[in-house]
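**Q** Got a structure for you, written out below as structure tokens; questions coming shortly.
The values are calculated or read from the model by the stated rules, or taken from the named source; none is laboratory data. Remember, predicted model here, so these are calculated numbers, not experimental data. Cβ placement follows ideal geometry from the backbone for every residue including glycine, while neighbour counts extend to all protein chains displayed. Quick note on the areas: whole protein, heavy atoms, side chains included, nothing else; ligands and nucleic acids left out. Shrake-Rupley method; radii C 1.70, N 1.55, O 1.52, S 1.80 Å.
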Amino acid sequence: HCRGDAYPWAMSDTATTQPRAPKAQRQREGIALLLGIVLFMWVVEVINTLDSNRLDTDGIQARSLNHIWGIFTAPFIHGSFQHLIDNTIPLLFMGFFIALLGAARLARVTLIIIVIGGIGTWLISPSGSYTFGASGVVFGYATFLFARGFFNRSAVERRVGLVVGVIWGGALVASLVPHARRPRRA
């Protein structure tokens, strides 16, 4: 006679793991975390503005080992309120879809994007430059949603990632391309 419950390895998954929070609760926690991240960015920008933008040098300084910690601070620092607004809108839009997966997922995705994007920026930025802002997180969220939509066969997630990538990617490319100055007319 062998009873399955007499062996610890025969226990069901529900008996060995913590019960998961209901979906609605996970979604609320994810949205609360997203709003907390954005609120933190706004508080940092208020402090930065009051301090004559001195925090701008706490961003990513290319290939400086003494300043490698900037990888973790750069997404929260912005050069102006307009810069922050330009990042807040897509961050909230795409972050909302990720937040619906729960706070833990949002935290993991955000941390991975900050580390991978920050290291890439640290490696390829021009020497002596400082890079800051949440644009890397925005494009990371777009990439995550697009990839998730592709693997989950979710048309909504693919479209969100693609639309955001095209809109904000186009804006980024347009800002990097040199523009000829137009002559003034009297």
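**Q** Would you list 114, 31 from the most to the least accessible area, probe 1.4 Å?
**A** 31, 114
**Q** Per residue, what accessible area does the range 37-132 have, given a 1.4 Å probe and all protein chains present, in Å²? Could you put the intermediate results ahead of the total?
**A** On the way: 4960 Å² over 96 residues.
I get 52 Å² per residue for this part.
**Q** Let me know the shape class of the range 69-129, please: from the alpha-carbon gyration tensor, a ≥ b ≥ c as square roots of the eigenvalues, rounded when a/c is under 1.5, otherwise prolate if a/b is greater than b/c, or oblate. Each step should come with its number before you reach the end.
**A** Numbers: a/c = 2.75, a/b = 1.38, b/c = 1.99.
Cα axes put the range 69-129 in the oblate bin.
**Q** I'd like the accessible area for residue 83, computed on protein heavy atoms only with a 1.4 Å probe and all protein chains in place. Round to 10 Å², please.
**A** About 50 Å², rounded to the nearest 10.
**Q** Could you order 45, 29 by accessible surface area, starting with the largest, using a probe radius of 1.4 Å? Mind dumping the intermediate values first?
**A** On the way: 45 0, 29 85 Å².
In descending accessible area the options line up as 29, 45.
**Q** Which value, in Å to one decimal place, does the Kirkwood hydrodynamic radius take for the range 25-95 when every pair of different Cα atoms is included?
**A** Over the range 25-95, the inverse of the mean reciprocal pair distance is 13.1 Å.
**Q** Could you sort 32-43, 138-149 so that the peptide with the highest average Cβ count within 10 Å comes first and the rest follow in order?
**A** Output ranking for 32-43, 138-149: 138-149, 32-43.
**Q** I would also like to ask the following. Counting only Cα atoms, I'd like the Rg/Rh figure for the range 81-171, Kirkwood definition for Rh.
**A** Taking Rh as the inverse mean 1/r over Cα pairs, Rg/Rh reads 0.98.
**Q** Net charge around residue 78, counting only other residues with Cβ within less than 14 Å of its Cβ (Lys, Arg = +1; Asp, Glu = -1)?
**A** My count for the surroundings of residue 78 gives -4.
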